[in-house]
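Report on one structure; see the data block that follows.
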Amino acid sequence: MQLDTFVNTLKTNNAKGYLVGGAVRDSLMGKVAKDNDYCVTGISQETFESLFPAAELQGKDFPVYRMDIDGEYCEVALARTERKTSTGHKGFTIHTSPTVTIEEDLARRDFTINAMAIDLETKELIDPFYGQEDLNCSLLRATTKAFSEDPLRVYRAARFCARYGFSVEYGTMQMMKSLKAEISSLSIERVLDETNKAFMVGTPSLFFRTLKEAEVLDVHFPEIDCLSEFEQNPEHHPEGNVFEHTMQVVDAARYLCDQLPADSELIVMYSSLLHDVGKAVTKGIHPVKGTVTYITHEAAGVPIAEKFLDRFNLKSFKKAILFNVSAHMVFHDAFTTMRLPKAVDFVEGKFELDGDSYIRKPGVVSSNHILDYSIVCIADAIGRLKEPRKLESVLKLTANTITTFRYRVPFYIKGLFSELIKIFKDYDSADRVYKAILIAAQHKAILEIYHEDARRVTCSLDIEELKTKYQGEKLGYAIHSDKRKQRIAIMRESRNKIKKYLETVKE
């Protein structure tokens, strides 16, 4: 159905149609809306269905339809009001009637930026709660005090902050704080859904920072909330406590996922969120320097991360995320200094004897996509800036370095340092980040060269004969051991290629 036909049909029957919600908000922000939602006033459900028989009723509790308008499958709802009747985000009584006005319908919406409408006939903006003004001020404000009737809106507020870089208006923040007791009534699925959406937008750290400011982060994310209590050695972490570092890493991971073809963005994002949770249980003091330490925090973080993933029903991600948590420190400097056999085991996984049988422990390629693991580790290396506002500029250089650092392609290495000096205006800060970027680029390149060349490795033994001697993991161990010799040679060659490349570009 053409939009004009839809509007004229409503007008003929003394009804009106409005474009509402996100489409209006995005239009005023100069963005292209993902989809268009409409609200209709002045009409009964029976009349609407008789006028538009092709409309498909979706809602059980109130009349909302799906129908084709201008070639798009849109949502069309009849105007309604809501009244709180019990706790939780579902405890509402819905009232719909031809007498409900567009202003009354908009009043039930969560934020002023979502409580605007455009009259489809006159093209007039209907903005009874000054949402356009809040948009211009990058402010998230509750439409009415009814905001506090739905605890899910706390998470929606945090997600909108992450999506648009907005801050929360004071009165709205106070209402968010008052909802802490009710937040625990939310299903983990609803919290997970909001979190996943926040992870897919520009500044996901604002999701967690907003929840923390509202003093509710500990309800569903206690492992993350407590990280603000743990300071770090400023020599390696000038950004401050572990929570601040984690937030920078999460934002860095999001940026790198946008620039690089990550295989599973959610695995990268949850790995980044959880990579340092082990620091909450490993704090120590260096016996000589007197500085804070977090020795073996990677291993200590695995059971904490596993508990988190089980609680959020993210079991399908566990293998990859737990590997990333346990091995994120290897990428910083240990990978290129590992003995070759150990480096191969790290990438491919290894067999360990357990009594009379072998157990295979996962490696990078058996639990992960190499790029996913690399992004987590690169984000961890870069997310250590004393001035977080410089993170985006550093990430642009990092992404450019990672994508152009190829052993067959010239790379102007001195230019990288010059650009970092411009950003930091401080030699020591620039040098520290410069080294982190170069190490990350080297490790990623070695992993990719190795993985590409290792694909041609085949077992030199007679597999059918081996099957007569071994079964299960013992058979796997025999084949793995034979291939390992070839893989060690490939790892050596991969390292040499990058070593020669660096010697060339540093000249």
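Just so it is clear, none of the values below were taken in a lab; they were calculated from the coordinates. No experiment lies behind these values; they were computed from the predicted model shown. Counting neighbours? That spans all protein chains shown, and the Cβs are built from the backbone with ideal geometry, glycine included.
Counting other beta carbons within 10 Å of each residue's own, what order do ASP380, ASP276, ASP37, ASP193 fall into, fewest first? Don't skip to the end; give the middle numbers.
Numbers: ASP380 26, ASP276 29, ASP37 18, ASP193 14.
Lowest count first: ASP193, ASP37, ASP380, ASP276.
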Practice prompt. Enumerate lysine pairs in the range 11-156 that are 8 or more residues apart or on different chains, then count those whose Cα atoms are under 24 Å apart.
Written response: 10
Worksheet entry | Per-residue HN-Hα couplings for the range 463-468 [Karplus 6.51, -1.76, 1.60; θ = phi - 60°; Hz; x = Gly/Pro] | 5, 4, 5, 4, 5, 6
Worksheet item: Once amide H atoms are built 1.01 Å from N in the peptide plane, which residues 5 or more positions from ASP37, or in another chain, come under 5 Å H to H?
Response: VAL20, ALA23
Worksheet item: Taking 0.36 nm per residue of separation and subtracting the Cα-Cα distance, what length does fully extending ASP310 through GLU235 add?
Response: 23.5 nm
Worksheet item: Taking amide hydrogens as modeled 1.01 Å from N in the peptide plane, which residues meet the under 5 Å criterion relative to ILE126, leaving out close sequence neighbours?
Response: ALA117, ILE118, ASP119
Response to the item:
For the range 251-351, listing trypsin sites (Lys or Arg not before Pro) in a DSSP loop whose Cβ sees at most 11 other Cβ atoms within 10 Å gives LYS289, ARG339
Worksheet entry | CYS459/SER184 FRET efficiency (R0 51 Å; Cβ-Cβ; nearest 0.05) | 0.40
Item to complete: Return the sequence-ordered ³J(HN,Hα) values of the range 54-60 in whole Hz as given by the Karplus equation 6.51 cos²θ - 1.76 cosθ + 1.60 applied to θ = phi - 60°, using x for Gly and Pro.
Response: 7, 5, 9, 5, 10, x, 8
Discussion item. Taking 8 Å as the Cα distance limit and 6 or more residues as the minimum spacing, I'd like the relative contact order of the chain as a percentage.
Written reply: 9
Item to complete: Only Cα pairs under 8 Å and at least 6 apart count here; give the relative contact order of the range 137-225 as a rounded whole percent.
Response: 36
Worksheet item: Where both residues lie in the chain, what percent of DSSP beta bridges are antiparallel, nearest 5?
Response: 85
Worksheet item: Computed from the mean reciprocal separation of all distinct C-alpha pairs, what Kirkwood hydrodynamic radius does the chain have, in Å?
Response: 26.2
Worksheet entry | Distance between modelled label sites at LYS177 and HIS286, nm, 7 Å Cα→Cβ extension | 3.9
Worksheet item: Which lysines have a Cα lying under 17 Å from the Cα of LYS315, excluding residues fewer than 8 positions away in the same chain?
Response: LYS307
Discussion item. How many angstrom lie between the Cα centre of the range 37-71 and the Cα centre of the range 265-341?
Written reply: 51
Worksheet item: Which whole-Hz couplings ³J(HN,Hα) result when phi for each residue of the range 107-116 is put into the Karplus expression 6.51 cos²θ - 1.76 cosθ + 1.60, θ = phi - 60°, listed in order with x for Gly and Pro?
Response: 5, 7, 7, 5, 10, 4, 6, 9, 9, 10
Item to complete: Give the cross-link partners of LYS485 among the lysines, using a straight C-alpha distance below 18 Å as the criterion and excluding same-chain residues fewer than 8 apart.
Response: LYS342, LYS350, LYS474
Practice prompt. Averaging sequence separations of C-alpha pairs under 8 Å and six or more residues apart, then dividing by the length of the range 3-137, give the relative contact order as a whole percent.
Written response: 25
Practice prompt. List the DSSP H helices in the chain whose Cα atoms stretch 24 Å or more along the helix axis and whose mean Kyte-Doolittle hydropathy is at least -1.0.
Written response: 242-259, 427-454
Worksheet item: Given the pairs LYS289/LYS497; LYS361/LYS497; LYS279/LYS319, which are separated by over 32 angstrom at their Cα positions?
Response: LYS289/LYS497
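In deg cm²/dmol and to the nearest 500, what is the mean residue ellipticity at 222 nm of the chain if only DSSP H runs of at least 4 residues count, each as -39500 (n - 2.57), divided by the residue total?
Helix-only estimate at 222 nm: -16000 deg cm²/dmol.
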Discussion item. Under 27 Å between alpha carbons, and skipping anything fewer than 8 positions from LYS422 in its own chain: which lysines qualify?
Written reply: LYS386, LYS390, LYS396, LYS414, LYS435, LYS444, LYS506
Worksheet item: Fully extended, how many nm does the chain gain between ASN136 and SER418 (0.36 nm per residue separation, minus their Cα-Cα distance)?
Response: 97.9 nm
Worksheet, complete the sentence: Under the 7 Å Cα-to-Cβ spin-label approximation, ASN496 and GLU473 lie apart by a distance in nanometres of 3.5
Worksheet, complete the sentence: Largest-first semi-axes in Å of the equivalent ellipsoid built from the Cα gyration tensor of the range 195-281 are 21, 16, 11
